[in-house]
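Visitor: Sharing a structure here in structure tokens format.
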Amino acid sequence: MDIRSAPLESLTDAVFRRVHHRLFGGVEKYYIPFVSPTSHHCFPPREMRAIAPESNAGVPVVPQVMTRYPEHFIWAAQEMSDRGYDEVNLNIGCPSGTVTAKGKGSALLREPDVLRAFLDEIFTHAPLPISIKTRIGFNAPEEWGALLEILRQYPMKELIIHPRIRAQFYKGEVYPEAFQLAAETGLPLVYNGDLFDLPACLALQEKYPGMPMMLGRGLLANPALPRQLKGGAPLSVEEVARYHDALEKEYSAIYPKDQVHCKMRGIMKHVACCFERPEKMAKMIAKTNPYNYHAAVEKLLQAPLRETPGFVP
Ligand SMILES: Cc1cc2nc3c(=O)[nH]c(=O)nc-3n(C[C@H](O)[C@H](O)[C@H](O)COP(=O)(O)O)c2cc1C
């Protein structure tokens, strides 16, 4: 089974990737949340750290780039190649209003001609194999057929599909028939979306045997999910405690206390979904401040794990 860790900006950072890979494993590739190059042709310090080979030592990562300008993408791809990466991922799925206002991310899906011209340029000039992470449309799922016709013209390494439209952000039903349409093209696909627990992943594998799966919130909630899918042990409370402490130790070496709390709270409110009364537990962690956070985690670790640990929206 081929499992990928989805990029989640501010959550699946280098510390998360290193600690998860060391403690749990089972992930073929971790996608680094997007960097967004500009005409200045330099990365800000935060992005520089995220893509630095030393931040990702020993971890199989794929850098992701988000832009609407081919020359910025080609520059960034060269920077990734210079750092030793062998693939670059293009983000044309991000739904965020600040991103789409600049015509980036999923905004490219509502401008098919711009998208085609962009892809023509980057597939001609980028120095690395390109994979693409997309949605199935901006305003309506009916846009997908025409978008897929464009996408299939390019020799992409992989097409990662989150079968929602931009207007849905990460909520509402996915469109399985849109993914099926893509599966019929023979493109090398990766499925992403709502694979929150073991049964959901197994159902996808039953429908599409061998299909690579990208897990976002499900992996963040249950870090043992990839391992278990590969026949390993399920999550235990003891390892949640070890995982928590390892993350906190690495964050504390980099950030001041309040930022460490923000980082830990962001991850642990997802992990809290694996415990009984998941909504209540997630809310308890989400409400913490740096002073009462550890008491809340203690309380969480006293609770039993759910039978099917995973993300609860
Ligand atoms: C907080 C947050 C940050 C995200 N950041 C990125 C990102 O940097 N790049 C990207 O391609 N997708 C990003 N995504 C989308 C995820 O990669 C993924 O497509 C989405 O969570 C759906 O997968 P899931 O249902 O397995 O969580 C983000 C999603 C969330 C909720």
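The values are calculated or read from the model by the stated rules, or taken from the named source; none is laboratory data. Remember, predicted model here, so these are calculated numbers, not experimental data. All Cβ positions, even for glycine, are placed from backbone atoms using ideal geometry, and neighbour counts span all protein chains on display. Side chains included, ligands, DNA and RNA excluded: accessible areas come from the protein's heavy atoms. Shrake-Rupley method; radii C 1.70, N 1.55, O 1.52, S 1.80 Å.
Visitor: Work out how far the C-alpha atoms of the chain reach from end to end along every principal axis, then list the three figures in whole Å, largest first.
Guide: Here the Cα extents, ordered largest to smallest, are 55, 43, 33 Å.
Visitor: For helix 237-252, what angle does its Cα long axis make with the longest principal axis of the chain, in degrees from 0 to 90 and rounded to 10?
Guide: Compared with the principal axis, the helix lies near 70 degrees.
Visitor: Determine the calculated [θ] at 222 nm for the chain from helices alone, applying -39500 (n - 2.57) to every DSSP H run no shorter than 4 residues and normalising by the residue count; nearest 500 deg cm²/dmol.
Guide: Mean residue ellipticity, 222 nm, calculated: -12500 deg cm²/dmol.
Visitor: Please find, in a Gaussian network model of the chain (springs between Cα atoms separated by less than 10 Å), the residue of Val27, Val61, Val297 whose mean-square fluctuation is greatest.
Guide: Val297
Visitor: Between Rg and the Kirkwood Rh of region 1-72, both from Cα atoms, what is the Rg to Rh ratio? Spell out each step's value before the answer.
Guide: Details: Rg = 12.9 Å, Rh = 12.9 Å.
Using only Cα positions, Rg/Rh for region 1-72 is 1.00.
Visitor: If you don't mind, another one. So, for the chain, what is the accessible surface per residue at a probe of 1.4 Å, expressed in square angstrom?
Guide: The answer is 43 Å² per residue.
Visitor: Using a 10 angstrom cutoff on alpha carbons, build the Gaussian network for the chain and name the most mobile of Arg135, Arg227, Arg166.
Guide: Among Arg135, Arg227, Arg166, the largest mean-square fluctuation in the Gaussian network model of the chain belongs to Arg227.
Visitor: Among all stretches of the chain without exposed chymotrypsin sites (Phe, Trp or Tyr not before Pro) (DSSP loop, at most 15 other Cβ atoms within 10 Å), which one is longest?
Guide: Result for the longest clean stretch: 1-168.
Visitor: Hey, what do the phi angles of region 128-143 turn into as Karplus ³J(HN,Hα) couplings, whole Hz, using 6.51/-1.76/1.60 and θ = phi - 60°, x for Gly and Pro?
Guide: Rounded to whole hertz, the list is 10, x, 10, 10, 10, 10, 9, 9, 9, x, 9, 9, 8, x, 5, 6.
Visitor: For region 237-302, what % of the accessible area comes from carbon and sulfur atoms, probe 1.4 Å?
Guide: 52
Visitor: Sort out for me the Cα centre separation of region 82-122 from region 131-206, rounded to whole Å.
Guide: One Cα centre to the other: 16 Å.
Visitor: Compute the acute angle (0 to 90°) between the alpha-carbon long axis of helix 112-125 and the principal axis of greatest extent of the alpha-carbon atoms of the chain; round to the nearest 10°.
Guide: Taking the Cα atoms of the chain, the angle to 112-125 is about 90 degrees.
Visitor: Of Asn91, Asn56, Asn289, which is the most mobile in a GNM of the chain whose springs link Cα atoms less than 10 angstrom apart?
Guide: For the chain, modelled as a Gaussian network with Cα springs under 10 Å, the answer is Asn289.
Visitor: A further question on this structure: What is the spin-label model distance, in nm, from Leu202 to Lys249 if the labels are put 7 Å beyond Cα along the C-beta direction?
Guide: Label-label distance for Leu202 and Lys249, simple model: 3.4 nm.
Visitor: Taking the Cα centre of the chain as origin, sum charge times position over the Cβ atoms of Lys and Arg (+1) and Asp and Glu (-1), and report the length of that vector in debye to the nearest 20.
Guide: Around 920 debye, computed over the chain.
Visitor: Right, here's the next one. Would you work out the charge dipole size for region 32-193 about its Cα centre, treating the Cβ of every Lys and Arg as +1 and the Cβ of every Asp and Glu as -1, and quote it to the nearest 20 debye?
Guide: Working: 15 positive and 18 negative charges, 106 e Å.
Taking the Cα centre of region 32-193 as origin, the dipole is about 500 debye.
Visitor: In percent, what relative contact order does region 32-193 have, based on Cα pairs under 8 Å that are 6 or more apart in sequence?
Guide: About 18 percent, as a whole number.
Visitor: Next up: From Cα pairs below 8 angstrom and at least 6 apart in sequence, can you work out the relative contact order of region 179-313, rounded to a whole percent?
Guide: Computed value for region 179-313: 26 percent relative contact order.
Visitor: Could you sort out which of Lys102/Lys257; Lys171/Lys280; Lys29/Lys249; Lys133/Lys171; Lys249/Lys269 sit more than 29 Å apart by Cα distance in this structure?
Guide: Lys102/Lys257
Visitor: Can I ask one more? Excluding same-chain residues fewer than 8 positions from Lys287, which aspartates and glutamates have a Cα within less than 15 Å of its Cα?
Guide: Answer for Lys287, where 15 Å is the Cα cut-off: Asp258, Glu279, Glu298, listed by chain and number.
Visitor: Here's something else I'd like to know. Using the alpha carbon gyration tensor of region 93-190, what are the three equivalent-ellipsoid semi-axes (square root of 5 times each eigenvalue), largest first, in whole Å?
Guide: They are 20, 17, 11 Å, listed from largest to smallest.
Visitor: I would also like to ask the following. For the chain, give the share of DSSP beta bridges that are antiparallel, in percent and rounded to the nearest 5; count only bridges with both residues there.
Guide: Bridges in the chain are about 5 percent antiparallel.
Visitor: Got the relative contact order for the chain handy, in percent, Cα pairs under 8 Å and 6 or more residues apart?
Guide: Result for the chain is 15 percent.
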